[in-house]
Every structure is written in C-alpha cells, then in structure tokens.
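The values are calculated or read from the model by the stated rules, or taken from the named source; none is laboratory data. Just so we're clear, the structure is a prediction, and the values are computed from it rather than from any experiment. All Cβ positions, even for glycine, are placed from backbone atoms using ideal geometry, and neighbour counts span all protein chains on display.
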Amino acid sequence: MSSPPATEAQIDLDREIARLELQLIDLKRRRNTLSPISMIPPEILSNIFFLALRFLQVDGDTLEDKVEPDVTKRAICAVSHQWRETAFTEPKLWMEVHVRDSTATKYLDLVGKNLRENQEVYVEARGINRNHLAVLHILALIKSGKTRLKRLVINASQTNVIRNILRASSLRFEETVALDLSYYYDPHVGGIATTQDIAAVFPHIRELRLMTKGLPSTLDVLRLPNITDLSLMVYHGFATVDIHQFFNILKSAKHLVYFTLFIAFEGTTIQGCVVVNRGRAPPPEEV
C-alpha cells in the first residue's frame with residue numbers, strides 16, 4: 001500500500017527544514033573558525049601534527065609501540081576539520097610510511113595519492129608475515145610517483161619474506177641511502193638476502209643494517225661500493241674463520257667508515273659488540 005502524496009504544507013515544511021539545516025551547517029562552520037585550534041597558524045599546526053606522528057628516534061631506530069601509526073594518524077585527524085585539511089596538504093606529514101601485517105592497500109593508496117614528486121620518503125615495514133605484497137605495493141607507488149625513497153626498514157617474521165620482497169621487486173631505487181633488514185623468527189632456511197639482491201634494487205645505499213647467520217665474504221661487501229656505515233647482527237655462532245673474515249673485510253673494504261658487529265653466541269646468553277670507526281670522531285651532540 002503506497003503512502004498518500006505529500007500535501008503542499010508538508011512540502012513547504014521540508015523546504016524550510018532543508019534551509020535550516022544549511023543554516024546550521026554554516027553556523028557550525030563559523031563557530032569552528034572561532035575555536036582556539038583554528039586560531040593557530042597553519043605552519044605551527046602542521047608541525048604539531050607532524051611531531052605527534054614521529055616514530056623514528058634521532059638515531060634512526062624505530063620506537064616499539066603497540067599503537068599502530070595509521071590508527072594514531074586517524075585519531076589526530078578527528079580533532080578538527082582544519083587538522084584533517086592540514087594532514088592532506090602538508091607534504092612532510094606523509095614522509096614516513098608505516099606498513100604492518102594488517103595494513104590495507106586502500107590506506108597505502110591514500111598515502112600514494114598525497115606523495116609529491118621529488119619528496120623524500122621513509123618506509124618502515126615491521127612485523128610483516130603474510131602481507132609482504134603491501135610492502136611491494138607501497139614501493140611501486142613511491143616509484144611511480146617519482147618520490148625519493150631515502151630509508152627502508154623491513155622487519156619480517158622469516159628470512160624468506162624479505163628475500164621474496166627484494167627478489168619480487170623489479171624496481172630500482174637509486175636515491176635510497178639507508179637499508180635495515182631483520183627478522184624475528186628463524187626457521188633455519190638461509191639468510192635474509194645476498195648483497196647481489198640488495199645491490200640490484202638499492203645500488204647506491206650508504207648505510208646497511210643487516211641481521212645475518214654469519215659474516216658476509218669480503219667480495220660480498222665489495223659489491224656495495226658506496227657503503228660507508230655497515231652494521232651486522234650475527235647469530236648462531238661465531239667461529240675462528242669468522243674472526244679472520246672480520247679482519248679481511250676491514251683490510252679490503254676501504255670505503256667503510258663505520259663497521260659495527262653485534263654477536264650473539266649460540267647456546268648462551270653472551271653477547272658482544274665490536275665498533276670500528278675509521279672516520280673522524282662524531283661531535284658531542286651526535287654521541
């Protein structure tokens with residue numbers, strides 16, 4: 001049974017309601033412009049937003065936090081309309097991209113849409129298990145958008161996840177200067193990647209932090225001629241041959257300025273760290 005047609009009086013009331021709703025929207029907008037947040041200059045507002053989203057320490061290490069970065073970003077965006085406007089117009093707010101095993105490609109597409117040409121980008125993919133395609137997706141977006149990937153951190157569940165990411169990528173990032181590769185579960189199926197894998201995708205990296213089952217050969221290190229800062233985390237034992245290899249690397253890899261070797265001895269809780277600095281001493285504020 002169809003409802004009876006609206007009377008002329010009802011139509012007039014509907015029009016009046018629509019007019020009042022528009023008036024209400026306008027009044028809310030005018031009220032919001034008088035709020036304290038709206039009085040903050042856009043430059044300061046963008047800096048507040050940006051600092052609230054920081055997840056890298058001064059030394060480049062990533063802060064471990066149970067709060068997902070994209071969740072934090074959405075929470076801050078909800079503060080006001082102006083903060084949302086700031087988030088979508090300020091380039092530096094998109095310079096750090098965080099990928100997790102739960103990150104959807106829809107979110108990464110949003111990030112890619114807001115990246116600008118020649119913008120510097122830092123990507124941190126942590127806790128990757130099944131979602132390695134998301135890492136490949138953001139790398140493809142960065143390359144297609146002609147942005148510059150300056151630093152990439154990948155922490156995966158297993159070594160083969162990282163190998164798959166490096167070998168599945170047909171891209172080449174000439175501008176990347178820092179790479180950090182690690183895993184949190186070891187199924188004993190080989191190392192993370194060879195220097196050939198790394199050099200094929202990141203030919204000009206200068207800083208490499210790599211978790212490995214043993215020291216790479218001198219030839220492997222020489223395949224990365226631009227490396228000046230090398231940090232190796234060696235697990236599952238450190239034999240006499242590794243000690244000889246350590247000195248061979250120091251002798252042959254003249255391009256190395258900083259060489260940090262972290263050793264976890266198998267079957268014990270003993271850990272050691274060797275730091276070799278062949279450059280100038282850092283100023284006090286960098287220590």
Here is a list: 116, 151, 100, 130. Which entry is within 15 Å of the chain's Cα centre (by Cα) and more than 19 Å from residue 204 (Cβ to Cβ)? 100
Subset of region 149-185 [crowded, with 18+ Cβ neighbours inside 10 Å, under 20 Å from residue 96 (Cα atoms) and of a type in the set (D, E, K, R)]: 151, 180
Can you find even one residue in region 129-152 that is under 25 Å from residue 262 (Cβ atoms) and without any contact (Cβ under 8 Å) to a residue 24 or more places away in the chain? no
Subset of region 123-135 [surrounded by 18 or more Cβ atoms within 10 Å (Cβ to Cβ) and either of a type outside the set (Val, Ile, Thr) or touching a Phe, Trp or Tyr at 6+ places or on another chain (Cβ under 8 Å) (or both)]: 124, 125, 126, 131, 132, 134
Say we look at region 226-274 and pick out the residues that are of a type in the set (D, E, K, R) and outside any helix (DSSP H, G or I); which of these is modelled with the lowest pLDDT? 266
All but one of (1) touching a Leu at 6+ places or on another chain (Cβ under 6 Å); (2) at pLDDT 80 or above; (3) surrounded by fewer than 16 Cβ atoms within 10 Å (Cβ to Cβ); (4) not hydrophobic (A, V, I, L, M, F, W, C) hold for residue 204; state the number of the condition that does not hold. (1)
All but one of (1) at pLDDT 75 or above; (2) within 30 Å of residue 157 (Cα to Cα); (3) among the aliphatic types (A, V, I, L, M) hold for residue 24; state the number of the condition that does not hold. (2)
Quick one: which of 66, 73 is assigned to a loop (DSSP other than H, G, I, E, B), modelled with pLDDT under 75 and of a type in the set (D, E, K, R)? 66
On the basis of being outside any strand (DSSP E or B) and modelled with pLDDT of 85 or more, does residue 60 make the cut? no
